[in-house]
1. I need the chymotrypsin sites (Phe, Trp or Tyr not before Pro) found in segment 261-295, filtered to DSSP loop residues with at most 13 other beta carbons within 10 Å of theirs.
2. Of the cross-linked pairs Lys526/Lys560; Lys41/Lys92; Lys272/Lys463; Lys84/Lys551; Lys181/Lys559, which ones have a Cα-Cα span greater than 19 Å in the structure shown?
3. Summing Lys, Arg as +1 and Asp, Glu as -1, what charge do residues with Cβ under 11 Å from the Cβ of Pro490 carry, Pro490 excluded?
4. In Å³ and rounded to a whole number, note down the convex hull volume per residue for the Cα atoms of segment 187-229.
5. Of the listed peptides 86-92, 346-352, 37-43, what is their order by residue-averaged count of other C-beta atoms within 10 Å, with the highest listed first?
6. How many percent of the accessible area of segment 49-190 is carbon or sulfur, using a 1.4 Å probe?
7. With each label point set 7 Å from Cα along the Cα-Cβ vector, what nm distance links Thr440 and Ser375?
8. Tally Lys and Arg at +1 and Asp and Glu at -1 over the other residues with C-beta under 11 Å from the C-beta of Asp46: what net charge comes out?
Amino acid sequence: MKKIFRFLFSAVFVMFLSVNILAQSHEMYLSAPTEVTYINKIIMGDTLSDGNRVDLERVYVLQRGGIWFFNDVIKNIGWDVRIKAEDADGPKPIIYGAVAENSTVVPIDFIDSQGSVFLKNIVVNGISDFDPDYTNWQHNAPRELVVWNVSGDYTLVVDGCILMHAYQADLRTFSGIRSIKVTNTIFANSGTGTFDNMGDGRAVDLRKTSCDSLIMINNTFVNGQDRVVRHISSTASLNYFRFEHNTVVNNGGRYGVMALGLLGQDTKVQIKNNLFLDPMAFGADTASSRQYDFLESKESYSAEIPAKANHVMIYHQKDTSATSIDNTLQFEISNNQYAYTSDITNLWADLITRVPNPTLHMPAPMSNFIQTKVSADAFTKIDPFSFANVPNTMVGLVNWNLSPLPEGAGENSSGGSAFVDMDRRKTTYFRDTLDCSYSTSLAQYTASTEGLPLGDLNWFPDKKSQWLTDVQENESIPVEYSLQQNYPNPFNPTTTINFSIPNAANVNVTIFNILGQQVATIVNNKLTAGNYSFDFNASDLASGLYIYQLKADNFVASKKMMLLK
């Protein structure tokens with residue numbers, strides 16, 4: 001790997017430079033508000049007198065530590081939404097849901113998109129911590145935080161964010177989308193208790209639609225009522241699914257952990273190096289209210305109860321038209337581990353003694369993790385362990401959800417005992433205090449395919465750096481967008497610019513002078529996913545400071561370089 005040099009400039013020069021970087025990279029910097037400020041009004045109001053957007057490539061940059069609100073839906077029709085935190089140290093900016101104008105509830109969505117969406121290093125919470133009426137569920141949460149209702153060649157990229165409190169799903173598509181990629185993100189408090197049914201509360205919902213690629217790497221999912229992924233009633237097969245180095249803790253799993261929907265002959269599924277603690281705390285039972293989504297796998301509990309679907313944690317739609325895809329050749333599934341705390345296993349044992357009619361309602365510990373036949377090391381059950389700082393187990397919510405109703409009252413439908421919510425915690429806890437690291441003496445600390453810790457590597461920063469280096473050197477397809485520092489720098493007259501794109505994209509690499517004027521274009525065409533290196537010859541340019549910018553679909557990055565002749 002090439003060595004990277006850093007170059008320092010005077011404070012005045014850097015200040016002047018930063019203004020020009022923002023100008024030429026389409027960024028609108030938003031300072032931390034000193035009063036209630038609605039970001040939806042800023043974004044939707046960023047238009048010309050004729051109603052057209054001021055800048056179709058606008059990037060809204062939020063100052064670290066700032067707090068904004070949304071009281072209406074951001075609807076981007078024909079343009080892309082790009083919101084990120086400033087590239088600086090400090091706490092991630094927060095966007096809270098607020099009661100919509102002329103209403104008593106928060107908006108149904110944060111973003112209702114007919115374009116691509118890029119979110120980076122921000123916190124979006126559908127419920128405000130400041131109003132007790134919200135946290136006491138006097139107002140509903142948004143149904144989704146980001147949703148697509150119209151099909152298109154759209155992409156969603158979420159990196160380094162915290163997404164909280166959508167009552168159905170944090171990210172959802174009602175129509176076809178090209179790709180979703182979520183990295184380094186925390187999903188928390190998915191679902192809203194008794195305000196909506198227990199089958200809601202998902203991270204990603206692809207119900208009744210299509211998605212070509214779904215990639216989820218180095219994320220943490222904590223306090224979720226239902227699944228991490230829901231892809232059911234598929235209109236097309238999921239062609240690529242990668243779920244790697246994720247941590248799942250306190251997941252009720254009303255309808256499982258991952259429903260992958262329709263998988264085709266050429267589908268590639270990678271599920272590896274993930275760590276689960278209480279991943280499907282609601283266990284398995286034969287109540288009719290829990291059968292619907294599990295039926296897609298076409299498996300039943302037993303010959304004695306053939307009408308009851310087998311509740312496994314990961315399952316897919318059985319495609320009877322194709323030759324069997326239930327074989328290890330179609331899947332790369334390995335080095336995943338899961339455990340259940342004694343709070344949950346003891347409750348399961350107690351619930352079984354309280355069931356009035358076990359032929360109708362049969363709460364039971366999970367015996368199967370995945371429907372598909374995989375190798376023995378795909379999912380390994382391990383002894384219970386502790387994370388450094390996570391919310392309490394959801395034993396109270398499980399008890400309320402599974403406790404049988406009085407004899408003669410029919411099947412379980414939630415509410416056989418007093419309601420106890422999950423340990424939700426507030427926004428700043430998940431931003432500043434949550435810690436899913438674990439003892440380095442545990443076996444899972446070296447149990448991944450690379451000999452690194454299982455689960456989200458963001459909790460072990462030095463190990464994540466090692467993993468990223470290994471990925472860059474050993475994988476042909478990068479896991480994230482990146483623009484590297486040119487080398488050499490300073491240079492005369494040639495230098496090399498390297499960048500990586502994880503998906504096929506329309507790529508533009510452009511050179512600007514310090515006035516924001518374009519002086520050269522290095523790349524301007526569609527490239528496949530990969531790592532790229534281009535040489536730039538500046539023999540026709542004068543000595544001085546220049547900016548080079550990479551744009552790949554909705555990703556934008558800029559860096560400085562110095563030409564010294």
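1. Details: sites: Phe276, Phe282, Tyr292, Phe294; in loops: Phe282, Tyr292.
Listed in order of number, the matching sites are Tyr292.
2. Values: Lys526/Lys560 24 Å; Lys41/Lys92 21 Å; Lys272/Lys463 16 Å; Lys84/Lys551 15 Å; Lys181/Lys559 24 Å.
Violating the 19 Å Cα-Cα cut-off are Lys526/Lys560; Lys41/Lys92; Lys181/Lys559.
3. Result for the local shell: +2.
4. Details: hull volume 2.5 nm³, N = 43.
It comes to 58 Å³ per residue, whole-number rounded.
5. On the way: 86-92: 12.6, 346-352: 16.3, 37-43: 18.4.
Order by mean packing, descending: 37-43, 346-352, 86-92.
6. Details: 2010 of 4490 Å².
Looking at segment 49-190 in its full context, I get 45 percent from C and S.
7. In this crude label model, Thr440 to Ser375 measures out at 2.8 nm.
8. Numbers: positive: Lys41, Arg53, Arg58; negative: Asp55.
Once positives and negatives cancel, what remains is +2.
The values are calculated or read from the model by the stated rules, or taken from the named source; none is laboratory data. Bear in mind the structure is a predicted one, so any value in this text is a computation, not a measurement. A quick note on method: Cβ atoms are made from the backbone with ideal geometry, for glycine too, and the neighbour counts reach across all protein chains shown. Surface accessibility is based on the protein's heavy atoms, side chains included, excluding ligands, DNA and RNA. Shrake-Rupley method; radii C 1.70, N 1.55, O 1.52, S 1.80 Å.
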